[in-house]
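Written below as structure tokens is the structure these notes are about.
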Amino acid sequence: MNTALTKLKTQLAKIEDLKHVSALLMWDQATYLPQGGSEARARQISLVAGLLQQKQTSHELGKLIDDVTPLISQLAPEASDAALIRVAREDFDRETRLPATFTQRLYSHLSRSYDLWVKARPKGDFKAVQASLAHTLELSREYSEFFPGYVHPADPHIDLNDPGMTVAQIQPLFAALRTELVPLAQAIAKKPKPKSGFLNKKYPEAEQLAFGLQVAQDIGYDLTRGRQDKTHHPFMIKFSLGDVRITTRVNPNDLGDAFFSTIHEAGHALYEQGLDPTFEGSPLGHGVSAGIHESQSRLWENLVARSKPFWKHYLPKLKKRFPAQLKGISLDDFYRAINRVQPSLIRVDADEVTYNLHVMLRFDLELQMLTGKLAIKDLPDAWNERYKQDLGIAPPSARDGVMQDMHWFTGMIGGVFQGYTLGNIYSAQCFAAALKTHPKIPEQIAKGQFETLRKWLGKNIHQYGRRLTPQDIIQKSTGKPLSITDYMNYLRKKYRAIYALV
Ligand code: ZN
């Protein structure tokens, strides 16, 4: 093998290890870290981020990438090594634009920002986080300035998470989706609501956790390469291809909360556990984009775990765990209850029809903040105003408004939310393509068999990691570029049946 390429791979593997060390510090912060450890942890996260940046931007790494670049012409365009060189170059070019001092300031600020949010959120005390959030916005704008030539200041942020996408591409797509979703949501609002009170009886935590983890394993989440812990806001995180973890939270008065978030995070974990095993220690060994990642979680959470065939198999098992709470509940009652459409305040709890309204609203607010049209002090009012417009309701306090989840308190402003709606769109497009090849998938789901679907996803999406671009993966796996057609067909068919719409 080419010596320079071997040296490059060794360097990149060290970078991957440092990224995972950093991830481990963050996982611990979000699960088990006692409050007394938070100051030191902020310092430690910042130190590792600094070391990581030194490695990612070193002269030595740049020289190695230059040395191997001529090899690309000798390799097949889809060869892993060609993709590795391309990805290493892209990452190096992006990282070398950011001064080390900026990254250190950012990480250390975000760690403190997270602690402030954890303390202030229960009281909905926006004043307590306002100055910190204003600083996050300043840092987010500063980030954009390191990528001159952008059309919109959100573009460099979007490119970081959904490579190849821009505000100019996303805005028309979201506008088309909104035009379709609003009449659907309004037509549903005129219909009687399915009964769903039984989902809010008392469901003991241990049984909820056990059921969710069992189903996660049934769909293919491998616990010899993963584990589940509790947190405030569920997430999936990876420390190596052999250690892909999920976290969840349990609400004893809401059967759906822990279950659907567990399946959601397990969907993310299946993606990472399904990567080509030769990508260990390689920058190719990650999900390719936020949108594609989210498509995998939403596919399992919604297209599978909110489908009738799925509950044909699992409702009897659930009833065994909670016989009193679910006494007399039919499959149809249960299916309609878990798919109840109702405007709500919390994005992660939202139904499939209104979910994207939460996302598009935040996407728009971020664009306004980044261009300076919206100041942080005015954010809660702007938020409430837009909720009234789009969903007809507004939160009584910032707790369930701008402070509802950790996104704006652990990361920059911009570049994240588009991924959720892109994910929904991709999820339906992937599922439709899988059904075209394997029309028996719903029958298999009704028997608790998920292998055909998981293998299709593994072969067409998961294995590639970053070897192909998101655009190439979607084109190759579904035979067409990103489009809202399959997603809207799925939503219309499902909700017309549930709500007897004409
Ligand atoms: Zn997700």
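The values are calculated or read from the model by the stated rules, or taken from the named source; none is laboratory data. Keep in mind that this is a model prediction, so the values were computed, not measured. Every residue, glycine among them, receives a Cβ derived from its backbone with ideal geometry; neighbour counts consider all protein chains shown. Accessible surface areas use protein heavy atoms only, side chains included; no ligands, DNA or RNA. Shrake-Rupley method; radii C 1.70, N 1.55, O 1.52, S 1.80 Å.
For the stretch 183-196, check the following and say yes or no: at least one residue is in contact (Cβ under 8 Å) with a residue 24 or more places away in the chain, outside any loop (DSSP other than H, G, I, E, B), open to solvent by less than 20 Å² (accessible area, probe 1.4 Å) and within 16 Å of the ligand (Cβ to nearest atom).
no
Only one of these is open to solvent by 10 Å² or more (accessible area, probe 1.4 Å) and either in contact with a His (Cβ under 9 Å, 6 or more places away or on another chain) or away from the ligand (no atom under 16 Å from the Cβ) (or both): Leu374, Leu365, Leu379. Name it.
On the way: Leu365 fails: open to solvent by 10 Å² or more (accessible area, probe 1.4 Å); Leu379 fails: open to solvent by 10 Å² or more (accessible area, probe 1.4 Å).
The conditions single out Leu374.
Give the stretch 1-26 a look and list any residue that's without any contact (Cβ under 8 Å) to a residue 60 or more places away in the chain and not in a helix (DSSP H, G or I), or say none. Even if it seems obvious, please write down each step before you answer.
Of the residues in the stretch 1-26, the ones without any contact (Cβ under 8 Å) to a residue 60 or more places away in the chain are 1, 3, 6-7, 10-11, 14, 18-19, 21-22, 25.
Listed by number, the list holds a single entry, Met1.
Looking at the stretch 224-233, can you tell me whether even one residue there is touching a His at 6+ places or on another chain (Cβ under 8 Å) and touching a residue at least 60 places away in the same chain (Cβ under 8 Å)? First the steps, then the outcome.
Narrowing the stretch 224-233 to residues touching a His at 6+ places or on another chain (Cβ under 8 Å): none.
There is no residue in the stretch 224-233 that is touching a His at 6+ places or on another chain (Cβ under 8 Å) and touching a residue at least 60 places away in the same chain (Cβ under 8 Å).
Being away from the ligand (no atom under 16 Å from the Cβ), within 26 Å of Thr10 (Cα to Cα), surrounded by fewer than 17 Cβ atoms within 10 Å (Cβ to Cβ) and not charged (D, E, K, R): is that true of Pro323 here?
On the way: away from the ligand (no atom under 16 Å from the Cβ): yes; within 26 Å of Thr10 (Cα to Cα): no; surrounded by fewer than 17 Cβ atoms within 10 Å (Cβ to Cβ): yes; not charged (D, E, K, R): yes.
No, not satisfied.
Would you say Glu90 is open to solvent by 30 Å² or more (accessible area, probe 1.4 Å) and at pLDDT 90 or above? Write out each step before concluding.
Working: open to solvent by 30 Å² or more (accessible area, probe 1.4 Å): yes; at pLDDT 90 or above: yes.
So Glu90 passes the test.
Which residue, of Gly36, Gly62, is surrounded by fewer than 12 Cβ atoms within 10 Å (Cβ to Cβ) and more than 23 Å from Val244 (Cα to Cα)?
Working: Gly62 fails: surrounded by fewer than 12 Cβ atoms within 10 Å (Cβ to Cβ).
Being surrounded by fewer than 12 Cβ atoms within 10 Å (Cβ to Cβ) and more than 23 Å from Val244 (Cα to Cα) holds for just one of Gly36, Gly62, which is Gly36.
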